[in-house]
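Asks: Quick one: the structure is below, questions incoming.
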Amino acid sequence: MRLTIFFFYFWFSFLAEEMADSSVFGWILCSVITLVALCGVVLRRRKQKGISVNRTKTVNIVLTNNRECGSTEGSHADVIIVGAGVAGSALAYTLGKDGRQVHVIERDLTEPDRIVGEFLQPGGYLKLMELGLEDCVEGIDAQQAFGYALFKDGKHTRLPYPLEKFHPDVSGRGFHNGLFIQRMRGKSASLPNVHLEQGTVTSLLEEKGIIRGVKYKTKDGRELTAFAPLTIVCDGCSSNLRRSLCNPKVDIPSYFVGLVLENCHLPYSNYGHVILSDPSPIVFYKFSSTEVRCLVDVPGKRVPSIASGEMASYLKTVVAPQVPPEIYDSFVAAVNKGNIRTMPNRSMPASPHPTPGALLMGDALNMRNALTGGGMTVALSDIVVLRNLLRPLRDLNDAPTLCKYLESFYTLRKPVASTINTLADALYKVFCASPDQARKEMRQACFDYLSLGGVFSTGPISLLSGLNPRPLSLVLHFFAVAIYGVGRLLLPFPSPKRIWIGARLISGASGIIFPIIKAEGVRQMFFPAMVPAYYRAPPLVK
C-alpha cells in the first residue's frame with residue numbers, strides 16, 4: 001500500500017511538472033493526491049483497530065429535510081445529548097445557537113406528566129434570560145410568584161423575594177412541567193443544526209477509555225449507534241448511564257404526595273406556601289390560573305397505599321387538620337377526587353469520574369431535596385457554565401485534552417450548585433418535626449428568625465431563590481438561626497436544663513449542615529480558586 005502511494009505521488013508530481021512547468025497547478029495536484037492517499041491509510045487503520053462495542057452498522061446521524069433520522073458514512077454530530085428534559089432541551093438550544101451540530105436522543109417525546117419540576121425560582125428565570133429561553137414560560141399559563149408564606153402553629157409570616165434591583169419580569173414561576181418542557185423542545189428543534197430524535201439509549205460506546213458515542217434503540221425497534229466527540233448525559237433522576245461516569249450515592253429520605261387543588265384561593269396571592277406541619281412540611285403553589293399544586297412530604301422509605309384507601313385516610317386525618325382554613329375544603333375535595341400521585345424525594349451529591357468524551361449534567365449528576373424547588377435553577381446555571389467553557393473551542397475531537405479542560409466545569413458550578421443543594425437538604429431537616437427538644441427549638445428558632453424581617457428574611461430567601469448563591473452567607477445565616485435559638489433559651493434567666501438544650505441545639509445544627517458540606521466538597525464549595533481545575537485554560541488550537 002505504501003509503495004503504491006509513493007509511486008502515485010511521484011508519478012503525478014512528474015506529470016504536474018511537465019504540464020505546468022513547476023506552476024501552482026502542479027503543487028495543488030500533488031497536495032490533493034497525497035491527502036487522498038493519507039486518508040486511505042488512516043481509514044484502513046481505524047477499521048483494523050475497531051471499537052469495543054459492535055460497530056458492524058456504523059451509522060452516523062444527520063439532519064434530513066423532513067427532520068427524520070438519516071444516516072451517511074463519515075458525518076458526525078459535535079455533541080450527543082442523552083435526554084430532552086429541562087436540562088437536555090435547554091442545553092441543546094444553547095449549543096445549537098452557538099453553531100454546534102447537536103443530536104438529542106430522548107426516550108419519550110410526548111408531553112411529560114410529573115408532579116415536580118413545576119416551580120422555577122427567580123435565579124433560574126435569570127438563567128433562562130441569559131440563555132435566551134425566557135419566552136418558554138410564556139403561553140403556558142405560568143403563574144408568577146413573588147416569595148413565600150410560612151405557616152406554623154397558627155402563625156404565619158410573609159417572605160418576599162428581594163427583586164427591587166431586577167427587571168420587572170424577574171420572579172418565580174409556577175407552571176405545568178410538561179408544557180414547559182415541550183416549549184423548550186420545540187425551541188431547540190427549531191434550530192436547523194439540532195436534531196431531536198425519540199429513542200432509548202442503552203449504553204455508551206467506549207474505545208480505550210474514551211466515550212465515542214451511544215448505542216440506542218429507536219421508536220420502531222431498530223438498534224443504531226451514533227458518534228460524536230462529546231456525549232452529554234442528562235437523562236434525569238433515574239439515569240441508567242450515570243454509574244459508568246460517577247459514584248452515585250442516592251438517598252431517599254421521604255416521598256412527595258401530589259394533589260391538584262382546583263379553584264383554590266391561597267391566603268397570599270402569588271406566593272408559595274410552606275406549612276411546617278407534623279411530621280414534615282406541606283407545600284402549596286399555583287401552577288395555572290385555576291390550579292394549585294399541593295405536595296405533602298411523607299418521611300420514610302414507604303408511603304401509605306393509595307389503592308387500599310390508606311393514603312386518602314392519612315391525608316384527611318393527619319394532614320388536612322394542619323392546613324390553613326382557607327385551603328381546607330379544596331384540599332379535602334382534591335383527596336376525595338382521588339387523583340393522588342407519589343414520587344420519591346431523592347438527594348445525591350455530585351461525585352463524577354472525569355471521563356474523556358463524556359459529561360454528566362442535570363439530575364443525572366446531582367440532586368437535592370425538592371422542598372425548595374432549586375433543581376431547575378442548578379441545571380440552568382450549569383448550562384451557562386458549560387456554554388462559557390465550550391465557546392472558545394472550535395474542535396472537540398481531542399477527547400483527553402477536552403476532558404482535562406472540562407474538569408473545571410465541576411469546580412466552577414460549585415458556588416451556585418452547592419449553596420442551593422446544601423440549603424435544600426439542611427432546610428428540610430430543620431423543617432421536619434422531631435420529638436427531640438433541641439430539634440424542636442431549632443425549628444421554632446428558624447420560623448422566628450425568618451419572621452424578624454429585614455436582613456434576617458431577605459438573606460435566607462435570596463439564597464433559596466438563587467439570586468445570591470453564596471456558600472459562606474448560607475453558613476452564617478444557618479448558625480445565626482442556631483445562636484438565635486440558644487439566645488431564646490437563655491433569656492431572661494438561664495437554667496442548667498436550658499443551657500444543656502442550647503448546647504445540643506448547636507451540636508444538632510452542626511450535625512445537620514457539616515455532613516452536607518463535606519459531601520459537596522469543602523474546598524470546591526468555599527475555596528474554588530484553590531482547586532487547580534479552576535484555572536484550566538482552553539486547549540490551544542493546533
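The values are calculated or read from the model by the stated rules, or taken from the named source; none is laboratory data. Bear in mind that the values here come from a model prediction, so they are computed numbers and not experimental data. Every residue, glycine among them, receives a Cβ derived from its backbone with ideal geometry; neighbour counts consider all protein chains shown. Areas reflect the complete protein model, heavy atoms only, side chains present, ligands, DNA and RNA absent. Shrake-Rupley method; radii C 1.70, N 1.55, O 1.52, S 1.80 Å.
Asks: Work out the P(r) tail for the range 383-542: percent of alpha carbon pairs separated by more than 21 Å, whole number.
Replies: The answer is 55 percent, as a whole percent.
Asks: Could you work out what % of the accessible surface of the range 113-263 is carbon and sulfur, using a 1.4 angstrom probe and leaving DNA, RNA and ligands out of the count? Let's see the in-between values first.
Replies: Values: 2960 of 6230 Å².
Of the solvent-accessible surface of the range 113-263, carbon and sulfur hold 48 percent.
Asks: Helix 24-49 versus the longest principal axis of the chain: what angle, 0 to 90°, nearest 10, using Cα atoms?
Replies: 60 degrees
Asks: For the range 378-500, what % of the accessible area comes from carbon and sulfur atoms, probe 1.4 Å? Spell out each step's value before the answer.
Replies: Details: 3230 of 5060 Å².
The C+S portion of the solvent-accessible surface of the range 378-500 is 64 percent.
Asks: Considering the options 306, 271, 246, tell which one lies farthest towards the positive end of the dipole of the range 203-308, charges being +1 on Lys and Arg and -1 on Asp and Glu at the Cβ, about the Cα centre.
Replies: Of the listed residues, the answer is 246.
Asks: How fast does the range 219-328 diffuse by Stokes-Einstein, in µm²/s, taking the Kirkwood radius from C-alpha pairs at 20 °C and 1.002 mPa s?
Replies: After rounding, the answer is 122 µm²/s.
Asks: Mind putting a number on the dipole of the chain about its Cα centre? Charges go on the C-beta only, +1 for Lys and Arg and -1 for Asp and Glu, and I need it in Debye to the nearest 20.
Replies: The calculated dipole for the chain is roughly 1560 debye.
Asks: Can you tell me the accessible area per residue over the range 242-381, all protein chains present, probe 1.4 angstrom, in square angstrom? Don't jump to the answer; show the numbers that get you there.
Replies: On the way: 5250 Å² over 140 residues.
With all protein chains present, the range 242-381 gives 37 Å² per residue.
Asks: Also: For the range 302-434, what is the Kirkwood hydrodynamic radius in Å, using each pair of distinct C-alpha atoms?
Replies: Its Kirkwood hydrodynamic radius stands at 18.2 Å.
Asks: Just the projected area, averaged over all directions, of the convex hull on the alpha carbon atoms of the range 74-134: how many nm²?
Replies: Mean shadow area of the hull around the Cα atoms is 5.1 nm².
Asks: Taking every DSSP beta bridge with both residues inside the chain, roughly what % is antiparallel (nearest 5)?
Replies: Given both bridge residues lie in the chain, the antiparallel proportion sits at roughly 75 percent.
Asks: Too long at a 18 Å Cα-Cα cut-off: which of 301/518; 152/337; 187/414; 414/518?
Replies: Over 18 Å apart, Cα to Cα: 301/518; 152/337; 187/414.
Asks: In Å², and per residue, what accessible area does the range 441-483 have when probed at 1.4 Å with the other protein chains present?
Replies: 36 Å²
Asks: Cα centroids of the range 128-146 and the range 166-180: how far apart, whole angstrom?
Replies: So the two Cα centres are separated by 4 Å.
Asks: Have a look at 372, 285, 174 and report the one farthest towards the positive end of the charge dipole of the chain, computed about the Cα centre with Cβ charges (Lys/Arg +1, Asp/Glu -1).
Replies: 372
Asks: State the Kirkwood hydrodynamic radius of the chain in Å, one decimal place, computed from all pairs of distinct Cα atoms. Walk me through the numbers on the way to the answer.
Replies: Details: mean 1/r = 0.0387 Å⁻¹.
Final number for the Kirkwood radius of the chain is 25.9 Å.
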